[in-house]
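The values are calculated or read from the model by the stated rules, or taken from the named source; none is laboratory data. Bear in mind that the values here come from a model prediction, so they are computed numbers and not experimental data. Cβ placement follows ideal geometry from the backbone for every residue including glycine, while neighbour counts extend to all protein chains displayed.
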Amino acid sequence: MRRMTGGRPSAARVLLVLAVVLACACVVGAVLVVEQARGDDDPDRRAPSLAEQDRYGEAKKAAEATATALVNIDYRSPKKSFDAVAATATGTFLDQYKASSDSLVELVTTFKSVLTGKVAVSAVDDIDADSASVLVATEGKVANAQTGETTQVRNFRLLVKLVRRDGAWLANDLQFVG
């Protein structure tokens with residue numbers, strides 16, 4: 001048996017280390033291939049189909065329409081403003097909104113409130129064939145008798161829960177989340 005001289009490894013030792021490194025690389029590669037193959041069957045790991053993408057887009061658009069109607073209220077035409085919200089609503093949210101609309105119209109008219117806003121960003125939180133939850137952030141301004149007619153910033157964060165009725169997404173619940 002030959003001894004190493006001058007601290008240099010023998011060719012056999014270098015080949016052994018190289019073989020071990022290559023074997024480890026093969027094992028890691030095989031594990032990655034198996035994981036990729038499993039991921040193709042996992043619905044949470046595959047890209048959404050065109051139909052799913054359309055459903056996401058429709059739900060986002062519906063939630064944004066509700067939020068936009070909600071943050072655009074003018075005391076000079078309060079019924080029009082409130083009808084715009086009601087047109088995007090159903091179920092519990094619509095019932096609660098209608099029940100409070102008379103007092104809200106009176107409040108908006110009394111204080112001569114003008115609220116203008118737009119959707120800054122939105123994202124689908126959860127969705128299935130008949131329901132969705134969408135987070136919507138709005139940015140806007142309000143002026144009224146209480147603010148001395150000066151404009152103040154009003155930004156809202158909303159969670160809009162939607163249901164699908166007769167092919168349309170409608171708001172069934174709305175929560176201010178921040």
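Residues that are among the hydrophobic types (A, V, I, L, M, F, W, C) and either in a strand (DSSP E or B) or without any contact (Cβ under 8 Å) to a residue 12 or more places away in the chain (or both) within the range 169-178 comprise Trp169, Leu170, Ala171, Leu174, Phe176, listed in sequence order. For the criterion of being closer than 13 Å to Ala67 by Cβ and either assigned by TED's automatic domain parsing to the domain that holds Lys61 or surrounded by fewer than 14 Cβ atoms within 10 Å (Cβ to Cβ) (or both), Arg164 fails. Here the range 129-168 is the region considered, the condition is being assigned to a strand (DSSP E or B) and small (Gly, Ala, Ser), and the residue that is farthest from the chain's Cα centre (by Cα) is Ala143. Does at least one position in the range 77-93 carry a residue that is of a type outside the set (Phe, Trp, Tyr), under 18 Å from Val124 (Cβ atoms) and either in a loop (DSSP other than H, G, I, E, B) or in contact (Cβ under 8 Å) with a residue 40 or more places away in the chain (or both)? Within the range 77-93 (the criterion being of a type outside the set (Phe, Trp, Tyr), under 18 Å from Val124 (Cβ atoms) and either in a loop (DSSP other than H, G, I, E, B) or in contact (Cβ under 8 Å) with a residue 40 or more places away in the chain (or both)), the answer is yes, since at least one residue qualifies. Of all residue pairs spaced 6 or more apart or on separate chains, those with beta-carbon atoms under 6 Å, a first member in the range 131-142 that is closer than 20 Å to Glu52 by Cα and a second member that is among the basic types (Lys, Arg) are Ser133/Lys161; Val134/Lys60.
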